[in-house]
Amino acid sequence: MELPELIMKEANKKMENYDVEGFVLGGGNTSADIVIVGEAPGEQEAVKGVPFIGRAGDELDKQFDYLGITRDDVYITSAVRSRPYKWVKTTKKGSGGRRKANRKPNKKEVWAHAPILDYQISKIAPKLIIALGGVALERLLGKGYKITEVLGEVIESPILYTGETRYEWTEKEYTVFPLYHPAAVFYNPSIKEDIYQSLDQLKQYMGEKQ
C-alpha cells in the first residue's frame, strides 16, 4: 500500500524531535477483512521493514495458527511506524557501554503517525480490527477502555481519527477486538491462559461471521 506523499511528509516532520528509527508501513493483504493494529516496530522490524518478526512475530504466528488463519488473511499495521528507543547501559563488549532498547511510544509519537493508520483503515475498510495491547486500543477507542477490562470482548464502536488539533470520532462503527500484545507473555507468563481464552472468544466470533 502506498501512502499519499503529504501524509508521509507531515508524519516525518512531526517525528523529527523524537528518538525513533526505521519505518514500517505495514504488510499483508490490503483486501483483508481483518486489520491487526500493534504498538510500534521493534529492533528487527525497524531494520527489515516487516511487521511482527522475531519472538513477538513467532508468538503472533502461533496465535494465527490457533485461529486457523495466516498472514495472507490479514493486514498488519501499528499505531506508530518507527521504532521508539531509549539508551540504556550495557556491559556488552564493543558497545561503548550503552545500547538502544525498545520503549513504549509516547502520545505525541502516536499522534504524529495517526493519519497513516486513518488512511489505511479507510482504504481497507475492515470488518474486524484486532487491537494488540493497550497502546493500540487507546489509539482506536480512547482512554475509556483498558485492555485488562475488555480483553476478548467484541466492541462495536466508532473509532478515533485525526482531526485538526485533536482526535475525532468516525461516523462509521467498527468492530474492535482487544487482545494482549504477543510480547506481553514474555514478561508475564501468567497471562497465557487469559490470552488463549480470549483467542477462543475471537475464534467463536469469527466462526459466527463466516
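The values are calculated or read from the model by the stated rules, or taken from the named source; none is laboratory data. The shown structure was predicted, so the numbers you read here are calculated from the model rather than taken from an experiment. Positions of Cβ are backbone-derived with ideal geometry, glycine not excepted, and every protein chain shown enters the neighbour counts.
The figures follow:
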read-out	value
Answer from 11, 56 - the residue that is of a type in the set (A, V, I, L, M), surrounded by 15 or more Cβ atoms within 10 Å (Cβ to Cβ) and either in contact with a His (Cβ under 7 Å, 6 or more places away or on another chain) or at pLDDT 95 or above (or both)	11
Matching residues, the stretch 14-38, being assigned to a loop (DSSP other than H, G, I, E, B) and either modelled with pLDDT under 95 or closer than 30 Å to residue 87 by Cα (or both)	15, 16, 17, 18, 19, 22, 23, 24, 25, 26
Which listed residue is in a loop (DSSP other than H, G, I, E, B) and at positive phi, from 144, 152	152
Selection within the stretch 61-80 - over 17 Å from the mean Cα position of the chain (by Cα) and either among the aliphatic types (A, V, I, L, M) or on the phi > 0 side of the Ramachandran plot (or both)	67, 68, 69
Hits in the stretch 67-122 - residues which are assigned to a loop (DSSP other than H, G, I, E, B) and touching a residue at least 12 places away in the same chain (Cβ under 8 Å)	68, 69, 79, 80, 81, 82, 103, 104, 105, 106
Hits in the stretch 74-100 - residues which are under 23 Å from residue 139 (Cα atoms) and loosely packed, with under 15 Cβ neighbours inside 10 Å	86
Whichever residue in the stretch 44-53 is within 15 Å of the chain's Cα centre (by Cα) and either part of a helix (DSSP H, G or I) or of a type outside the set (Val, Ile, Thr) (or both) and, among such residues, is surrounded by the fewest Cβ atoms within 10 Å (Cβ to Cβ)	49
